[in-house]
Amino acid sequence: MGRQAWAIGTLCLLLCVGFSGMVSANDDLTYKPGFAEWDIIPHERLFVEGADVEEAVLQRGQTDSAVGGFTVGLTNGPVPVFTLESPPVEQAVEAEVFMSVYFSAIIEGGGGPQTCTRQPFDSSTTLMYSVSVEGEQLYSSEVTQTLDTSAEGDAMNFSGEIQNVTLSMGVGESITLSVSVEHRCLGTQARVQWGGFEQNSGGVIIEGVLYQPKADITVDAARLAHVELEHRLPWGLEDLRDEKWEIWGPLLPTDKSVRDGEYLVETSAGRIRMTRDLGGNNSVYTWSGAKPLPVGEMNLQFCLRTVAGDLNSECHAEGILRFEVMGDDDGFASAGLWLTITTLFALVGYVVNAFRTGMLLPVPILGALAVLALLTLPTVFDQPNLGADAVILDNTKILDAELTSSEGEAVSVSDLLSGHEALIIGLVLPGSEQILTQANEFNRSIDQLGDRVNVVHIVTGEDPLMTDVSSLAAATNSTWEVYLDKKGTFANSLPTGASDAVIVVDPGMHVAFSQTSSAAMLDIVEAVDSIKSGGPNSIASYFGLLFGPGLFLLLLALPRNEWTAPEEPLPPGLLWGSIIVAGGAGVLMVNLPALLLTVLPLGMSARFLLDIAMMVWMLEMCFVTARRGAPYEADLLGRLLHRSFPKAFRDWRETVDMDRDVLLGVWMGWFGWLAFPHLFPQAVGSSILAGGSGIAMAVFFLLLFTLSGGFVVLLLRIVSSWGGPFSRLFGKFGGDVFAQFVGWILTPMALWMAVNAAINVVELGVL
């Protein structure tokens, strides 16, 4: 029995502990993104102001120090004081409230303050109140008191009883207040007072919540905040005394709010308040943030004060909106992980296949293959994840998207660019204050550039409206057009994404310059002037590949034989020149399709689809290389180039060596395409389309970038020969092996990029 008692007791104890833990857990509330809460002081007032009955009005705002009033002597029944109407409401009201009416009164004339109280008969004063909406009475009350004060500053309060009423008002309806007075005190006058300070004021008191504000926040692609406030005040924006907002975070899910200044990210101080027209007589206040928000859960906190609220209260309505700032989209598949795995599988697969086919690979060659695989990894980790945001480069080509003008007409980006050296675009989200800053800099830019450029503003974002176009155009009062990017299609093709930004587009439909928020006139002018000289592209682009993919190609550049002097004298530098020409030809072959599509009038859809075709082409080259050591295209180009040299040179240097130069140029061209695919289309193609001096510069840049790629191949050849006999040994016995293995390694990478290109084309809406 004792053991049973102990067991039962222990079980009860465990149950109690578990229950207490559950209760404790329930006490730890969490606040998820989307949580919204408003704490509104349920106190509203309508004030009467005016020197006399003729001037009296029923208003929302606090009264000044001037006291108004109505004086009446002995009456034979009630005497109307006035009937006043409030301003019509702009928002419908449906609320259960407590209502009362209050005024003050003093005695005038007679023998003094005690005149009425000393009379043996009824000498009272009665104020009668009535409140109605559209003729329907909501409130009625009478207050009877005997006046015993004559000092204006010490008036007697006549407050009607507090009544529960249903306040139902449609848009345009008003509250009507009627006041009557009956004065029975002989030999005196009663003065009904209003206005002035609290002691002498008069009007209607409404205890209840008549409005529910709504706040919203959008975080753009640059992680800048765009804040909206729909006040929903019954009497409109004029009812709002002031407002402020703050952004706090990052917060823990259990933090409803914090007040530690360390977590204060941004406030409305110094921000320009804009009014966004939503149509249908609806509007909201908007602000644009200036600081990128940190990643994590944040609070948008509002503080509103109305004109009728208590002046001693810091906030008449406090709101909290929890939202989350997301980091960059890393895609759904990691390039570093999967391509590293495929590289290891390629190494193992190639070695196993070699042994199965009877090819006995020496240990040094196997070690070199392992080194080659390791040298691939820097290039692997430079590739974007599948579906990642980082695929859009700074100087990307843009979609020829369809925009909508303020008149509702459709216009394409190419139409806006046609006939100009550049298109300057101010990208703004609805209600953004940045349009004002952008407009100022655009006007200064036009003064410098004139008709060389076309300037437009484009409203984009998640839910832009045609009313945003007209209101922002009116805000700037500019001479250029404002267009609507309905679904954000155009903005999504830009490196800035859907955010406030300034974009300069060159004639080849590439981004020549981009900057979030706004940009200075000097930067805009410099970007336009640089279009005919290659834009933002660098002549050192291919040289930057030496310490990445270039290391990977070193084993392919190994010499096969010891250098011997030619039997016949050849022009000095012909060997080096041939390597540069052959390598450059390989680079040019890879970049030529994109260059031709930029110059030819084939439309932007074809150029985006070319991205997929290029990756398929690279995949074909990799697959063929894995089987035979070199793509057919490279061998064909190498043989053609070899035949173009003098016979003495051909007899001295074999075709296979020039084929290898071309092959190195081809791979350098592909690595360049992956790193900077817009080099040739923008630097050469856009310069041609710019016309004038741009054509001559285009020819110069074509030769410059082609030969710079060839020069990098020459450097690879030189560096790979530093090993002397070891280099020649590995080159002679491992040259074909290394070439094939490159195909094995690059095939998964080409397939990866082909899939990524297809995903991007689909996401941009090209297909």
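The values are calculated or read from the model by the stated rules, or taken from the named source; none is laboratory data. All values reported here derive from a predicted model rather than from experimental measurement. Backbone-built Cβ (ideal geometry, glycine too); neighbour counts: all protein chains shown.
Regarding the stretch 108-127, can at least one residue be identified that is in the same structural domain as Gly170 (by TED's automatic domain parsing), modelled with pLDDT of 95 or more and of a type in the set (A, V, I, L, M)? Yes, that holds for at least one residue. Of all residues in the stretch 630-673, exactly one satisfies the criterion of being closer than 22 Å to Met618 by Cβ, touching a residue at least 40 places away in the same chain (Cβ under 8 Å) and not in a helix (DSSP H, G or I), namely Ala630. If you go through the stretch 427-446 and pick out every residue that is small (Gly, Ala, Ser) and within 14 Å of Ser470 (Cα to Cα), you end up with 2.
Among the residues of the stretch 740-752, are any farther than 14 Å from Asp611 by Cβ, of a type outside the set (Lys, Arg) and not in a helix (DSSP H, G or I)? It would help to see each step written out before you state the result.
As a first pass, look at the stretch 740-752 and keep what is farther than 14 Å from Asp611 by Cβ: 740-749, 751.
Then keep just the ones that are of a type outside the set (Lys, Arg); that gives 740-749, 751.
This time we only want the ones that are not in a helix (DSSP H, G or I), so: none.
Checked against the condition, which is being farther than 14 Å from Asp611 by Cβ, of a type outside the set (Lys, Arg) and not in a helix (DSSP H, G or I), the stretch 740-752 yields no hits at all.
Go over the candidates Ser533, Ser470 one by one and state the one that is of a type in the set (Ser, Thr, Tyr), touching a helix residue (DSSP H, G or I) at 6+ places or on another chain (Cβ under 7 Å) and surrounded by fewer than 18 Cβ atoms within 10 Å (Cβ to Cβ).
Details: Ser470 fails: touching a helix residue (DSSP H, G or I) at 6+ places or on another chain (Cβ under 7 Å).
Only one candidate qualifies: Ser533.
Taking the stretch 474-484 on its own, how many of its residues are assigned to a helix (DSSP H, G or I) and either out of contact with any Leu (no Cβ under 8 Å at 6 or more places or on another chain) or outside the structural domain of Leu436 (by TED's automatic domain parsing) (or both)? Qualifying residue count, the stretch 474-484: 1.
Within the stretch 520-547, residues that are in contact (Cβ under 8 Å) with a residue 40 or more places away in the chain and of a type in the set (A, V, I, L, M, F, W, C) sit with their Cβ atoms under 7 Å from residues that are in a loop (DSSP other than H, G, I, E, B) and buried (at least 22 other Cβ atoms within 10 Å of the Cβ), at 6+ positions apart or across chains, in these pairs: Val528/Glu421; Ile531/Glu421; Ile531/Asp506. Scanning the stretch 721-747 for residues that are more than 15 Å from Val351 (Cα to Cα), at pLDDT 90 or above and surrounded by 19 or more Cβ atoms within 10 Å (Cβ to Cβ) yields Leu746, Thr747.
Go through the stretch 748-763 and report how many residues are farther than 22 Å from Gly349 by Cβ, touching a residue at least 60 places away in the same chain (Cβ under 8 Å) and surrounded by fewer than 19 Cβ atoms within 10 Å (Cβ to Cβ). Of the residues in the stretch 748-763, 4 are farther than 22 Å from Gly349 by Cβ, touching a residue at least 60 places away in the same chain (Cβ under 8 Å) and surrounded by fewer than 19 Cβ atoms within 10 Å (Cβ to Cβ).
The set of residues in the stretch 385-395 being crowded, with 19+ Cβ neighbours inside 10 Å and more than 22 Å from Pro748 (Cα to Cα) consists of Asn395 alone.
Residue under question is Phe323, and the condition is that it be touching a residue at least 24 places away in the same chain (Cβ under 8 Å), surrounded by 18 or more Cβ atoms within 10 Å (Cβ to Cβ) and not polar (S, T, N, Q); does it hold? Answer is yes for this residue.
Only strands (runs of 3 or more DSSP E) whose full extent lies in the stretch 57-167 are considered here, and the ones with at least 2 residues that are among the polar types (S, T, N, Q) are 93-108, 125-133, 136-145, 156-159.
Taking (1) within 24 Å of Ala698 (Cβ to Cβ); (2) of a type in the set (Val, Ile, Thr); (3) at pLDDT 90 or above in turn, Ile539 satisfies each apart from (3).
Since Glu243 meets every condition but one in (1) at pLDDT 90 or above; (2) surrounded by fewer than 17 Cβ atoms within 10 Å (Cβ to Cβ), which condition does it not meet? It is condition (2) that Glu243 fails.
Of the numbered criteria (1) touching a His at 6+ places or on another chain (Cβ under 8 Å); (2) assigned to a strand (DSSP E or B), the one Glu297 fails is (1). Of all residues in the stretch 216-236, none are surrounded by fewer than 17 Cβ atoms within 10 Å (Cβ to Cβ), among the polar types (S, T, N, Q), in contact (Cβ under 8 Å) with a residue 60 or more places away in the chain and not assigned by TED's automatic domain parsing to the domain that holds Pro464. Taking the stretch 452-464 as the range and being touching a helix residue (DSSP H, G or I) at 6+ places or on another chain (Cβ under 9 Å) and either over 19 Å from Gln438 (Cα atoms) or outside any strand (DSSP E or B) (or both) as the test, the residues that pass are Arg452, Thr460, Gly461.
Just to check your reading of the model, which residue among Asp310, Asp329 is more than 30 Å from Ser174 (Cα to Cα), modelled with pLDDT under 90 and not hydroxyl-bearing (Ser, Thr, Tyr)?
Values: Asp310 fails: more than 30 Å from Ser174 (Cα to Cα).
Going through Asp310, Asp329 in turn, just one is more than 30 Å from Ser174 (Cα to Cα), modelled with pLDDT under 90 and not hydroxyl-bearing (Ser, Thr, Tyr): Asp329.
Conditions tested, residue by residue: (1) within 41 Å of the chain's Cα centre (by Cα); (2) surrounded by 17 or more Cβ atoms within 10 Å (Cβ to Cβ); (3) assigned to a loop (DSSP other than H, G, I, E, B); (4) of a type in the set (A, V, I, L, M).
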| position | (1), (2), (3), (4) |
| --- | --- |
| Leu339 | yes, yes, no, yes |
| Gly367 | no, no, no, no |
| Leu375 | yes, yes, no, yes |
| Thr379 | yes, yes, no, no |
| Gln383 | yes, yes, yes, no |
| Gly419 | yes, no, yes, no |
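The residues listed here are Ser471, Ser432; of these, the one that is farther than 19 Å from Thr516 by Cα and either part of a helix (DSSP H, G or I) or in contact (Cβ under 8 Å) with a residue 12 or more places away in the chain (or both) is Ser471.
One line per residue, one yes/no per condition, for (1) more than 39 Å from the chain's Cα centre (by Cα); (2) loosely packed, with under 15 Cβ neighbours inside 10 Å; (3) over 18 Å from Lys397 (Cβ atoms):
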{"residue": "Thr598", "(1), (2), (3)": "no, no, no"}
{"residue": "Pro601", "(1), (2), (3)": "no, yes, no"}
{"residue": "Ala606", "(1), (2), (3)": "no, yes, no"}
{"residue": "Leu609", "(1), (2), (3)": "no, no, no"}
{"residue": "Leu619", "(1), (2), (3)": "no, no, yes"}
{"residue": "Gly629", "(1), (2), (3)": "yes, no, yes"}
{"residue": "Ala634", "(1), (2), (3)": "yes, no, yes"}
{"residue": "Leu637", "(1), (2), (3)": "yes, no, yes"}
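State all residues of the stretch 99-139 that are surrounded by fewer than 16 Cβ atoms within 10 Å (Cβ to Cβ) and over 18 Å from Arg184 (Cβ atoms); if no residue qualifies, say none. Correct list: Glu134, Gly135, Glu136, Gln137. Taking each residue of the stretch 598-613 that is outside the structural domain of Ser418 (by TED's automatic domain parsing) and looking for partners that are assigned to a helix (DSSP H, G or I) and hydroxyl-bearing (Ser, Thr, Tyr) with beta-carbon atoms closer than 8 Å, six or more apart or interchain, yields Thr598/Ser686; Met604/Ser414; Arg607/Thr598.
Going by what's in this entry, would Thr357 be described as more than 35 Å from the chain's Cα centre (by Cα) and buried (at least 18 other Cβ atoms within 10 Å of the Cβ)? Lay out the reasoning, then the answer.
On the way: more than 35 Å from the chain's Cα centre (by Cα): yes; buried (at least 18 other Cβ atoms within 10 Å of the Cβ): no.
Spelling it out, it is not the case that Thr357 is more than 35 Å from the chain's Cα centre (by Cα) and buried (at least 18 other Cβ atoms within 10 Å of the Cβ).
In the stretch 401-414, the residues that are on the phi > 0 side of the Ramachandran plot and in contact (Cβ under 8 Å) with a residue 12 or more places away in the chain form no Cβ pair under 9 Å with any partner that is part of a loop (DSSP other than H, G, I, E, B) and of a type in the set (Phe, Trp, Tyr), whether six or more places apart or across chains.
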